[in-house]
1. Gain in length, S94 to A213, computed as 0.36 nm per residue apart minus the alpha-carbon separation, to one decimal in nm?
2. Need the full-extension length gain, V8 to D32, defined as separation in residues times 0.36 nm minus the C-alpha distance. One decimal, nm.
3. Once the piece of chain linking A267 and E155 is laid out straight, how much longer is it, given 0.36 nm per residue of separation minus the C-alpha distance between them?
4. Would you mind working out the accessible area per residue for region 159-213, using a 1.4 Å probe, and quoting it in Å²?
5. Note down the nm distance, to one decimal, between modelled labels 7 Å out along Cα→Cβ at L169 and at V201.
6. When all protein chains stay in place, what accessible area (Å², nearest 10, 1.4 Å probe) is found for D46?
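The values are calculated or read from the model by the stated rules, or taken from the named source; none is laboratory data. What you see is a predicted model; the values in this text were computed from it and never measured. Positions of Cβ are backbone-derived with ideal geometry, glycine not excepted, and every protein chain shown enters the neighbour counts. Ligands, DNA and RNA are excluded from the accessible area calculation, which covers all protein heavy atoms including side chains. Shrake-Rupley method; radii C 1.70, N 1.55, O 1.52, S 1.80 Å.
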Amino acid sequence: MRPLSSFVAGVVAVLAAIVTVPLLWVSTHVVDEDGYVAFSSSIATDGELQGAVAAYLADDYVQRGLLPAALQETATSVLTTVARGTTDQPGFVSAWEETQRSLHRSAFDDGTGPLTVRLQPLSQFAADRVGSLLPVSLDVPVDLQAQVGTAGDREMLQKAERSRTYSLLGLMVVVVAATTCLVAARRRSLAVAGLGLGALVVAGVLRVVVEIALPDLIDRAETLSPFARAVQRLLLDRAADSLSGWLEQIALVGAGALLVGLLGRIASGLRRTA
């Protein structure tokens with residue numbers, strides 16, 4: 001009976017971990033505002049994002065009549081150059097983080113409609129540095145916003161807010177099940193090896209899920225504007241990289257536990273034959 005109980009507990013721990021790991025990542029990197037801002041800051045220096053921001057700002061200036069249409073391409077080039085030349089300045093990072101806080105608050109408030117991001121801090125930073133590079137003065141409106149997601153994206157993120165509670169419950173299940181697996185096992189070394197193998201399974205399954213789900217999520221972003229598409233694609237790529245880093249650590253711990261368990265089993269067998 002004990003071996004069966006240990007096996008069942010081990011299976012429960014693995015299944016719970018497969019669900020809990022992504023929920024825990026979402027709760028710390030998406031739902032938590034500071035965690036999201038720190039995570040999203042990794043794309044601030046990406047050339048694709050800078051070009052998308054510059055193109056959006058230049059188009060906005062043309063739409064508001066502050067910039068002749070003939071200068072739109074020139075303005076895009078100038079703003080892109082300015083953005084790329086100032087990414088190492090503290091003000092640029094601060095401006096980007098402020099826009100991301102506005103996006104996070106837009107996503108998790110009680111509002112409806114598409115997701116928007118407040119671009120005024122970032123655009124003001126760039127406009128202040130254009131100087132004499134353009135023959136016009138660029139005025140940045142206080143309420144400058146850009147759409148970065150649909151109403152469906154907003155609803156999905158609001159549902160993700162529950163991940164904090166679910167991840168903590170899942171973590172408790174993993175700990176209790178893994179402890180039960182060890183306590184109920186007749187041979188602890190085999191239980192340790194089994195849990196190590198389970199950790200490898202968790203890492204492998206979630207890695208496959210990420211590789212399958214990511215292209216589908218990126219394809220959904222193709223229906224958005226170029227700016228929104230660039231933001232979503234970069235964030236999804238960074239999310240996949242970040243979660244993969246977690247999975248690599250889980251796999252390393254699992255491999256270590258598997259090796260320790262097998263060595264312990266071999267040592268136990270040698271003692272019995274001695």
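1. That works out to 39.7 nm of additional length.
2. Here the segment from V8 to D32 would lengthen by 5.2 nm.
3. Length gained, A267 through E155: 34.8 nm.
4. Numbers: 3320 Å² over 55 residues.
It amounts to 60 Å² per residue over region 159-213.
5. So the two model labels end up 2.3 nm from each other.
6. 40
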